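Just dropping this structure here.
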Amino acid sequence: MNRRYVRPLPADHALVQRVLRIGRTLRHVVDVVPVCATTDPEAWHPEHASGLSRAPYTAETRAMGLCKGCPVADFCLVQELREVEAVEDIRGVRAGVREADRQALYLTLEKEGWL
């Protein structure tokens, strides 16, 4: 993955604001079974990933739909952003957000010094 194909999101983008809000309010998640724990791991890693300029592919949309209503989706998103070492390491669908959107989000947070 080459960084020139993914650009940071504007700091006021809804996804950036979601992560900042979560980071301020999320404490600790216990005794919750996430949807992914009961689903085939391959469902989260579609064979092909769409880019920001495209609508999500069918497999991505299906995986994103699995996350809807998951009680730990926000925790999942923030946790990945805390753990990932580079934008190239962001793959598949996580927290109901496709790869391209999370990569752009990561670049924004990195650029703004929020990681």
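The values are calculated or read from the model by the stated rules, or taken from the named source; none is laboratory data. What you see is a predicted model; the values in this text were computed from it and never measured. As a convention, Cβ positions derive from the backbone with ideal geometry for all residues, glycine included, and neighbour counts pool all protein chains shown. The protein model used for the area step is the full one, side chains on, heavy atoms only, and it has no ligands, DNA or RNA in it. Shrake-Rupley method; radii C 1.70, N 1.55, O 1.52, S 1.80 Å.
Got a number for residues in the stretch 105-115 being assigned to a helix (DSSP H, G or I), surrounded by fewer than 22 Cβ atoms within 10 Å (Cβ to Cβ) and not basic (Lys, Arg)?
Counting residues in the stretch 105-115 that are assigned to a helix (DSSP H, G or I), surrounded by fewer than 22 Cβ atoms within 10 Å (Cβ to Cβ) and not basic (Lys, Arg) gives 5.
Select from the stretch 46-75 the residues that are over 24 Å from residue 8 (Cβ atoms), touching a Gly at 6+ places or on another chain (Cβ under 9 Å) and open to solvent by 30 Å² or more (accessible area, probe 1.4 Å) and list them in ascending order.
If the condition is that a residue be over 24 Å from residue 8 (Cβ atoms), touching a Gly at 6+ places or on another chain (Cβ under 9 Å) and open to solvent by 30 Å² or more (accessible area, probe 1.4 Å), then 65, 66, 68 are the ones that fit.
If you don't mind, another one. Looking at 78, 19, 93, 84, which one is on the phi < 0 side of the Ramachandran plot and either loosely packed, with under 15 Cβ neighbours inside 10 Å or touching a Gly at 6+ places or on another chain (Cβ under 9 Å) (or both)?
Answer to the check: 78.
Restricting the search to the stretch 19-43, which residues are over 13 Å from residue 71 (Cα atoms), in contact with a Leu (Cβ under 8 Å, 6 or more places away or on another chain), at pLDDT 85 or above and of a type outside the set (Gly, Ala, Ser)?
39
Among 98, 62, 102, which is the only one that is more than 18 Å from residue 5 (Cα to Cα) and either more than 13 Å from the chain's Cα centre (by Cα) or not polar (S, T, N, Q) (or both)?
Criteria check complete, one pass: 62.
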